[in-house]
Amino acid sequence: MQRPRKNSGSGVTPIAALARLGGVTFAEFAATRLAQLLRYAVVLTGDRELAQDVVQDVLARAQVRWRKIASADSPDAYVRQMVLNEYLSWRRRWAVRNVRAVGERVLELSDGRGGSRDHADAMADADDLWSRLATLPPKQRAVLVLRYYEQLDDDEIAALLGCARGTVRSNASKALKTLRLQSERQHITVAGDIS
Amino acid sequence: MNDRIDELTETFEAHEFLAPDAATVLERANAIARAYCRRRRAARATGASVLGAGLVAGAVTFPRWEWHPGSNDEVTAVQPASGGGTPSASATPSASPTASAYTEQQELNEYFADGYDYDNAVALASLWKQTDIAQVKAAAGLKLLEGATLPVTPNGTPMTAAERAQNAFFTAGYDYDDAVTLGTMWHETDIGQVKADAGQKLITGQALPIRPSGPALDAYFAAGYTYNDAVTLGKLWNRTDIAQVKADAGQKVIAGQTLPIPPSGPTAPSDSASSSADPGLAAYFAAGYNYDDAVTLGKLWHETDIGQVKSEAGQKLLAGQTLPIAP
């Protein structure tokens, strides 16, 4: 089932939503888009504090140069790209590594349960997967978020990340393998081929 | 397979609730933006007019941990790939976290003070095969501080000692009003001389008798108060120095005290509510510290709850204590 894109608003195409943002003031942008931007940031970073810091720094810079951003084709996309860039930037690498180390500790704790995951408990599964996501390198995590949360296709993700489509696919593949999602898919595929 | 992928999507959506409070984020973004503008004005006043908002912010706020190949201030198609842009050791100066005893601000100060400008940084970036002009300037400044020479000739004239002192004064967060206050204390009417003397003290590691009013003003405006509010407060407090009234009122806001009049600014109600909820947190951000600083402090204090670190650090600031790292 094709899920709706997160950055378009309910029932509004991305282009229409972005066109409506033309000429908006910073205050109007913040009033209408900030909550969604924060949800995107927390999913992207995996950490509430880091998401807050990333967005507030981005908004501060956006505010200073709002005239330029407002004149862009899509101020919303511009700011979302700033959030993505900030998350992937050198300034954040150390902090992200630190946060990831915490995630790894959480993962170790969950692995210590002996692998007896309760599949009936959806929330526990989500928390477990959330912990595993915290172990991914930022770029791999970003690819998964853009693909499976933002519902963007690989070409769009490649344009956002400034890399080739193949790099996107490679990052996604590595990430899924780390998360033990792809390995299971491959296992199922192989088993299907044999039968 | 789709079930597994759906599980990923559902996991993302299941954690949207972790999103921070929008009013708090907007309040802090506004305060940071005002600080950017102040620093840009200070940079222009001292000849560093080519600094962009992001660079000023990065220069003042962010620690320099490692070389970075791309800027995140401008949205471009080029992204800093993880580890992809690391320069060779022989071609570029070292920029590891522990390699320098200087802050990035000091490095940039030195770069501009020696007469180098943006075009020089572009030339250096080409020589060093780098793309991030901001970091090139910092790395070049580090080399200058360490007594090395750069492979390009500065386009500008090196700053005089007085100009360097003024630069130090402004980049420490002080402004003209602070200089007036210091001039009154030192019985010096030449404000330019006051700034030079104060800056020289800062360069030599001496403390000034007053704190920079920048954070207090940030807190004042972030709480939604305006110039007209300061005039009203001045009448209530029998004060005619409106600049000082704003600074004093801002200090009260940081300390979590309630001013005798409500703010008349448009963002006042929700903004002031969140800052008054945790004065320590408000003081932390008003002093120019950010998340990265909290992470550093957390490591120093062996505290993993970054929110708690920020709050405790802010409480220390409110108590007049100095934190072990600069903002």
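The values are calculated or read from the model by the stated rules, or taken from the named source; none is laboratory data. Just so it is clear, the model here is predicted, and its values are computed rather than measured. Using ideal geometry, Cβ is built from the backbone for each residue, glycine included, and neighbour counts are taken over all protein chains shown. Heavy atoms of the whole protein, side chains included, go into the accessibility calculation; ligands, DNA and RNA do not. Shrake-Rupley method; radii C 1.70, N 1.55, O 1.52, S 1.80 Å.
Picking from B:VAL231, B:VAL253, which residue would you name as being at pLDDT 75 or above and under 14 Å from B:ALA31 (Cα atoms)?
Criteria check complete, one pass: B:VAL253.
Considering only residues that are out of contact with any Gly (no Cβ under 8 Å at 6 or more places or on another chain), closer than 24 Å to B:GLU163 by Cβ and modelled with pLDDT of 85 or more, which ones fall in the stretch B:115-136?
The answer is B:ASN120, B:ALA121, B:VAL122, B:ALA123, B:LEU124.
Could you check B:TYR102 against (1) under 24 Å from B:ILE32 (Cα atoms); (2) modelled with pLDDT of 80 or more and say which number it fails?
Of (1) under 24 Å from B:ILE32 (Cα atoms); (2) modelled with pLDDT of 80 or more, only one is false for B:TYR102: (2).
Report the residue count in the stretch B:189-236 for those that are at positive phi and in contact with a helix residue (DSSP H, G or I) (Cβ under 7 Å, 6 or more places away or on another chain).
1
I'm trying to understand the selection: among the residues of the stretch A:26-60, which are open to solvent by 10 Å² or more (accessible area, probe 1.4 Å), aliphatic (A, V, I, L, M) and closer than 19 Å to A:GLN151 by Cα?
A:ALA35
Do we have B:GLU188 as closer than 30 Å to B:VAL122 by Cβ and acidic (Asp, Glu) here?
So B:GLU188 does not fit the description; no.
So B:ALA243 fits all but one of (1) surrounded by 15 or more Cβ atoms within 10 Å (Cβ to Cβ); (2) at pLDDT 75 or above; (3) over 19 Å from the mean Cα position of the chain (by Cα); what number is the exception?
B:ALA243 satisfies every listed condition except (2).
Taking A:VAL79, is it open to solvent by less than 10 Å² (accessible area, probe 1.4 Å), part of a helix (DSSP H, G or I) and over 12 Å from A:PHE26 (Cβ atoms)?
When the stated conditions are applied, A:VAL79 does not pass them.
Give the residue, chosen from B:GLY224, B:GLY250, B:GLY192, that is in a helix (DSSP H, G or I) and crowded, with 17+ Cβ neighbours inside 10 Å.
Criteria check complete, one pass: B:GLY250.
So the check is Cβ under 7 Å with 6+ separation or different chains; which pairs have a first residue in the stretch B:128-149 that's within 14 Å of chain A (Cβ to nearest Cβ) and a second one that's among the polar types (S, T, N, Q) and in a loop (DSSP other than H, G, I, E, B)?
Close Cβ pairs satisfying both conditions: B:GLN130/B:THR92; B:ASP132/B:SER71; B:ALA134/B:SER71; B:VAL136/B:GLN130; B:ALA139/B:THR92.
Count, please, the residues in the stretch A:30-39 that happen to be more than 8 Å from chain B (Cβ to nearest Cβ) and closer than 23 Å to B:PHE285 by Cα.
Residues in the stretch A:30-39 being more than 8 Å from chain B (Cβ to nearest Cβ) and closer than 23 Å to B:PHE285 by Cα: 2 in total.
Among the residues of the stretch B:203-221, which ones are in a helix (DSSP H, G or I) and either open to solvent by less than 50 Å² (accessible area, probe 1.4 Å) or in contact with an Asp or Glu (Cβ under 6 Å, 6 or more places away or on another chain) (or both)?
B:GLY214, B:PRO215, B:ALA216, B:LEU217, B:ASP218, B:ALA219, B:TYR220
Looking at this structure, is A:VAL145 part of a helix (DSSP H, G or I) and facing chain B (nearest Cβ under 9 Å)?
yes
Could you identify the single residue in A:ALA126, A:ALA142, A:ALA134 that is more than 16 Å from B:GLU13 (Cβ to Cβ), open to solvent by less than 20 Å² (accessible area, probe 1.4 Å) and at pLDDT 60 or above?
A:ALA142
Report, by residue number, each residue of the stretch B:227-240 that is open to solvent by 50 Å² or more (accessible area, probe 1.4 Å) and either of a type outside the set (Ser, Thr, Tyr) or not in a helix (DSSP H, G or I) (or both).
If the condition is that a residue be open to solvent by 50 Å² or more (accessible area, probe 1.4 Å) and either of a type outside the set (Ser, Thr, Tyr) or not in a helix (DSSP H, G or I) (or both), then B:ASN228, B:LYS235, B:LEU236, B:TRP237, B:ASN238, B:ARG239, B:THR240 are the ones that fit.
If I go through the stretch A:40-60 residue by residue, how many of them are at the interface with chain B (Cβ under 7 Å from one of its Cβ atoms) and either acidic (Asp, Glu) or more than 29 Å from A:TRP130 (Cβ to Cβ) (or both)?
3
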